[in-house]
Amino acid sequence: MMLEDMAAPFDLSGRNVLITGGTGGIGRACVERLTRHGALVTLTCVEGHEDPGRVIADFAGLSNVTVEPLDLRQKASIWRCIDNVLQARGRIDVLVNNAAVGSATVADWSGDPADQDSLMLQINADGTLKMCQHYLAVTDTPGRKIINLSSVGGGVSIFPGFRLSDGMSKAAITFLSKQLAAETVFADVDVFAICPGATDTPMFRASTLSGMSLEEEAAFLNRLPRKRLIDPAEIAALVHFLATPASTVLHGAVLDASMGLGVRPGLMSDRS
């Protein structure tokens, strides 16, 4: 990294960023933050389920934002998404693999629990794998970054009662990130994984809070670190830093972004 890159380490002017699943939660926070700092952002919507025109209209207040359909279950869709962004933008400097399904939202794809487990692994783990593989195969821009979103559950710690396929898929993303980092230590690409804790997203609310009474939710939050949920903007700030040249020394890092839940998972169940 050149010294001049440190002069304005958070400036992303001219950097092309592809963020999967950027329509809500952490992904949306990333789109909003990175564009504010000069990035040219392409986010994805679910191919066949979300209207790209309506999605882009929802980001009308932001400049330099485009939308590409993506179905992480389909290799052809993954390749088409990346290839289309490359054709339109010329390069992809940063790939943020954020799109995923959770324990509750996977039900939108199938009502059969057995199918849901398979879909969880297919979308979260295999989809992220194929995104990384094709990105590395078709890009050679200096200073590339791959930022994979995993979870504290599976990616860092074990939580009793956590859906097996959910934790397995997040553990796979963490492993993938470390393995790719090991294989690219001499290449001009940096690979990271971020493992958020309990974050205030529609996915987390659907999987964890939706079935609770107000009293149960208050008790749950009281057991979390700092007695609150993580704001998506806090995770977006980490993504922002990893997207800059200053992050190269963290190549291969798996960031526990759980405010301490990863090192004290018993907070989810103890009453102390």
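The values are calculated or read from the model by the stated rules, or taken from the named source; none is laboratory data. Note that the structure is predicted; figures quoted are calculated from it, not measured. Virtual Cβ from ideal backbone geometry, glycine too; neighbours counted across all protein chains shown. Side chains are part of the model used for accessible areas, which takes the heavy atoms of the whole protein and leaves out ligands, DNA and RNA. Shrake-Rupley method; radii C 1.70, N 1.55, O 1.52, S 1.80 Å.
Looking only at the range 222-241, how many residues end up being in a helix (DSSP H, G or I) and out of contact with any Lys or Arg (no Cβ under 6 Å at 6 or more places or on another chain)? Total satisfying the criteria: 13.
When G197 is tested against (1) in contact with a Gly (Cβ under 9 Å, 6 or more places away or on another chain); (2) over 20 Å from V101 (Cβ atoms); (3) open to solvent by 10 Å² or more (accessible area, probe 1.4 Å), just one condition goes unmet, and that condition is (2). Filtering L40, L18, L62, L12 for residues that are of a type outside the set (S, T, Y), closer than 26 Å to Q122 by Cα and open to solvent by less than 60 Å² (accessible area, probe 1.4 Å) leaves a single hit, L18.
Kindly evaluate A181 against the criterion of being crowded, with 19+ Cβ neighbours inside 10 Å, assigned to a helix (DSSP H, G or I) and in contact with a Phe, Trp or Tyr (Cβ under 9 Å, 6 or more places away or on another chain).
Considered against the rule, which asks whether it is crowded, with 19+ Cβ neighbours inside 10 Å, assigned to a helix (DSSP H, G or I) and in contact with a Phe, Trp or Tyr (Cβ under 9 Å, 6 or more places away or on another chain), A181 comes out as yes.
Scanning the range 138-193 for residues that are at positive phi and without any contact (Cβ under 8 Å) to a residue 60 or more places away in the chain returns G154, G161. Selection of the range 168-178 for residues being within 11 Å of H251 (Cβ to Cβ) and open to solvent by 90 Å² or more (accessible area, probe 1.4 Å) yields only K178. Filtered by the rule that a residue be open to solvent by 20 Å² or more (accessible area, probe 1.4 Å), assigned to a strand (DSSP E or B) and β-branched (V, I, T), the range 66-106 gives T66, V67. The set of residues in the range 140-174 that are at pLDDT 95 or above, of a type in the set (V, I, T) and over 17 Å from G262 (Cβ atoms) comprises I146, I147. The set of residues in the range 200-209 that are surrounded by 22 or more Cβ atoms within 10 Å (Cβ to Cβ) and β-branched (V, I, T) contains only T201. Looking across the range 118-147 at every residue that is assigned to a strand (DSSP E or B) and within 20 Å of G90 (Cβ to Cβ), the one that is farthest from the chain's Cα centre (by Cα) is identified as R144.
Note on the range 107-123: residues that are open to solvent by less than 60 Å² (accessible area, probe 1.4 Å), among the polar types (S, T, N, Q) and over 13 Å from L164 (Cα atoms) total 1. Sub-9 Å Cβ pairs linking a first residue in the range 209-228 that is touching a residue at least 60 places away in the same chain (Cβ under 8 Å) to a second residue that is assigned to a loop (DSSP other than H, G, I, E, B), at least 6 apart or interchain, are S210/A104, ordered by first then second residue.
Examine the range 47-56 for a residue that is in contact (Cβ under 8 Å) with a residue 12 or more places away in the chain, touching a Pro at 6+ places or on another chain (Cβ under 9 Å) and surrounded by 20 or more Cβ atoms within 10 Å (Cβ to Cβ), and state whether such a residue exists. No: zero hits. When the range 214-272 is filtered for residues that are among the charged types (D, E, K, R) and open to solvent by less than 70 Å² (accessible area, probe 1.4 Å), the ones remaining, listed by number, are E217, R223, D256, D270.
The single condition from (1) at pLDDT 95 or above; (2) open to solvent by 60 Å² or more (accessible area, probe 1.4 Å); (3) among the aliphatic types (A, V, I, L, M) that V31 fails is (2).
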